[in-house]
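This report concerns only the one structure given below.
Nothing in this text is a laboratory measurement; each read-out follows from the coordinates by a stated rule. What you see is a predicted model; the values in this text were computed from it and never measured. With ideal geometry, Cβ positions are generated from the backbone for all residues, glycine too; neighbour counts draw on all protein chains shown.
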Amino acid sequence: MPDAKLLATFPNPHPDRDYIIEHIAEEFTSVCPVTGQPDFGSISVEYVADQLCVELKSLKLYLQSYRNEGIYYEDVTNRVLQNLVDLLKPRWMQVRSEWTPRGGIHSNIIAATGPRPGGLP
């Protein structure tokens, strides 16, 4: 089971400003819980930090911990979102997973805490 305790933070250097931070992990892997076959995709995390930012090496290790996890796309996306929201308490966050085609179907899952703060692209 992926462990949110792998995630680490550092203080937001500009907590007085709304700005979007985006991290993209292009080599995400998990396992289909039905077939046991590997699933490949990318995970994008976008957020407006409040007091904390996620440290990148810890994010990488956390995402890699899904490698052998039998989990649906929808659950991966929402679990990553929830673990990061619980840790960072951001002003806003969105997690998007984009999966390579399987059986001719390409899937993208988007989960967010709500609409982006006003004025941000």
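Select from S107, S65, S44 the residue whose mean-square fluctuation is largest in a Gaussian network model of the chain (Cα-Cα springs shorter than 10 Å).
S107
Relative contact order, percent, of the stretch 1-56 when contacts are C-alpha pairs under 8 Å separated by at least 6 residues? Write down the numbers at each step before the final one.
Details: 72 pairs, mean separation 25.9, N = 56.
It comes to 46 percent, rounded to a whole number.
Would you mind ranking E69, E27 so that the residue whose beta carbon has the fewest other beta carbons within 10 Å leads the list?
Numbers: E69 16, E27 11.
Sorted ascending by nearby Cβ count, the order is E27, E69.
Please arrange V76, V45 by how many other C-beta atoms lie within 10 Å of their C-beta, fewest to most. Can you show the working numbers first?
Details: V76 24, V45 21.
The order, fewest Cβ neighbours first, is V45, V76.
Which residue fluctuates most in the GNM of the chain (Cα springs below 10 Å): Q94, Q51, Q37?
Sorting by GNM fluctuation, first place goes to Q37.
Going by a ≥ b ≥ c, the root eigenvalues of the Cα gyration tensor, does the stretch 64-119 fall in the rounded group (a/c under 1.5), the prolate group (a/b larger than b/c) or the oblate group? The partial results should precede the final answer.
Working: a/c = 3.44, a/b = 1.53, b/c = 2.24.
Oblate is the answer for the stretch 64-119, as a/c is 1.5 or above yet b/c matches or exceeds a/b.
Which one, D18, D39, D75, has the greatest fluctuation when you compute a Gaussian network model over the chain with C-alpha springs under 10 angstrom?
Maximum fluctuation in the GNM of the chain, among the listed residues, is at D75.
Note down the net charge around P117, summing +1 for each Lys or Arg and -1 for each Asp or Glu among other residues with Cβ under 14 Å from its Cβ.
Details: positive: R17, R91, R116; negative: D16, D18, E46, D50.
Charge balance in the 14 Å sphere: -1.
If you bin the C-alpha pair distances of the chain every 5 Å from 0, what whole percents do you get?
2, 11, 22, 24, 18, 11, 7, 3, 1, 0
With contacts defined as alpha carbon pairs under 8 Å and 6 or more residues apart, what's the relative contact order of the chain in percent?
On the way: 231 pairs, mean separation 35.1, N = 121.
Relative contact order, the chain: 29 percent.
Sequence neighbours fewer than 8 away in the same chain don't count; with that in mind, list the aspartates and glutamates whose C-alpha is under 16 Å from K5.
E55, D86
What does the charge add up to near L56, with Lys and Arg as +1, Asp and Glu as -1, over the other residues with Cβ less than 15 Å from its Cβ?
Numbers: positive: K57, K60; negative: E22, E26, E27, E46, E55.
Local charge sum for L56: -3.
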